[in-house]
1. Taking only C-alpha pairs under 8 Å that are 6+ residues apart, what is the relative contact order of the chain in percent?
2. Multiply the residue gap between ALA349 and ASP166 by 0.36 nm, knock off their C-alpha separation, and tell me the result in nm, one decimal place.
3. Charges on Cβ only, +1 for Lys and Arg, -1 for Asp and Glu, centred on the Cα centroid of the stretch 74-153; of ALA87, LEU151, VAL110, which one is farthest towards the dipole's positive end?
4. Where the only charges are on Cβ atoms (+1 Lys, Arg; -1 Asp, Glu), what is the dipole of the stretch 137-284 about its Cα centre, to the nearest 20 debye?
5. Quick one, what does Rg over Rh come out to for the stretch 141-206 if you take C-alpha atoms and the Kirkwood Rh?
6. In square nanometres and to one decimal, what's the mean projected area of the convex hull around the Cα atoms of the stretch 287-330?
7. Defining a contact as two alpha carbons under 8 Å apart and six or more residues distant in sequence, what relative contact order in percent does the stretch 188-265 show?
8. Please name which of VAL261, LEU310, TYR170 has its Cα lying farthest along the dipole of the chain towards the positive end, using unit charges on Cβ (Lys, Arg +1; Asp, Glu -1) and the Cα centre as origin.
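Every number in this text was worked out from the coordinates using simple rules, so none of it is lab data. If you're wondering where the values come from, they're calculated on a predicted model, not measured in any experiment. Neighbour counts are summed over all protein chains in view; Cβ atoms, including those assigned to glycine, are modelled from backbone coordinates with ideal geometry.
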Amino acid sequence: MSGVVVGGPSAAGAVGVGIVGSGSIGALHARALRDLHPRARLVAYSGRDLPDVAASGVRPVRTTADDVVRRPDVDVVAVCTPSGSHARLALAALEAGKHVVVEKPLALTVEDALRVERVARERGRLVSMIAQRRFEPQHQVLRRALDQGALGDLRLVATHVPWFRDDDYYAAASWRSDEREGGGSLVNQGVHNVDLLRWFCGPVESVTAQAATLARPTGAEDTTVATLRLASGGLGVVTTTTATPPGFVATLTLHGSRGSVELAQDEVVRWDVPGVPAPASGSAAGGAADPLAIGHAGHRAQWERVLAALDGAEPPPVGPADAVETVRLLCAIREAAATGRAVRPADLARVGPREAA
């Protein structure tokens, strides 16, 4: 993102961070920031109590969301609230002159995502959407292999997210059952694999999709299946669900004209890439049955890059223009499922998806 203002506290000392929303995901951010002390310092947060996040005796202040955004000692606002409020809170932080780190997705409509991108550009502020799985070592090696052309032309790609969430999960937060607030297996659970697929495979020309609620009567789908036509000519499949007990690891498969790769979470199942050694499999847990099993290593890795960007050492990770394209693909899939028609993500440049009937 060009025009980002750096320096200030990020260059002279610790970057002050405020977290809006201290639920389970907010707690992951707090742990990542604790690991990065003293380069970053959590100074304030809103929501639930965070009893175990003090770093070197520094205790953050628990306050209101509005106060977090306005505090002069907050340089970066981390938006960790339910998805339906991401764009609104990101815009409020930008208007207050803060940099923003926002959980996935950046927004629920393309229109709102573009608005965040525009305001960030106008204010010269950094915006980074959390896409922590991009920074896992296996995905970094795969991205470099793709950039080098080691897999050749991608012909068939797929990602499957066959997870499970029980009744208690939905009862704990009503927004998880409300598609208008970001609930549903595609936007809430599948978003990271959709983001990875787009990051690896480039723009998507068109999508078709179907969605259903199969496990419980809620206001959001719990199973989505989509087919993709890549701008490069290849074809792809995306499946997401929270209705397959006990929950299974998410997979990502790329078949190219020169090689193929299959990953199960961060386990390397297949690596047929001429000239590129296979990376070691990781040990990070997935969220197949437990949303808290992902750990905070990926968040820490992305925060490290955010801090480097604030110091002017590298570009912001997963900036707003990049994040808009993930929102565009999610919205195209939802639109295709709602209408039964093929949808071109590029056609959603200025409007959000129509609501499902």
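1. Dividing the mean separation by the residue count of the chain yields 21 percent.
2. Length gained, ALA349 through ASP166: 62.3 nm.
3. Result: ALA87, furthest along the dipole toward the positive end.
4. 440
5. That ratio is 1.13, to two decimals.
6. In nm², the orientation-averaged hull projection of the stretch 287-330 is 4.1.
7. Once normalised by length, the contact order is 23 percent.
8. It is LEU310, whose Cα lies furthest towards the positive end.
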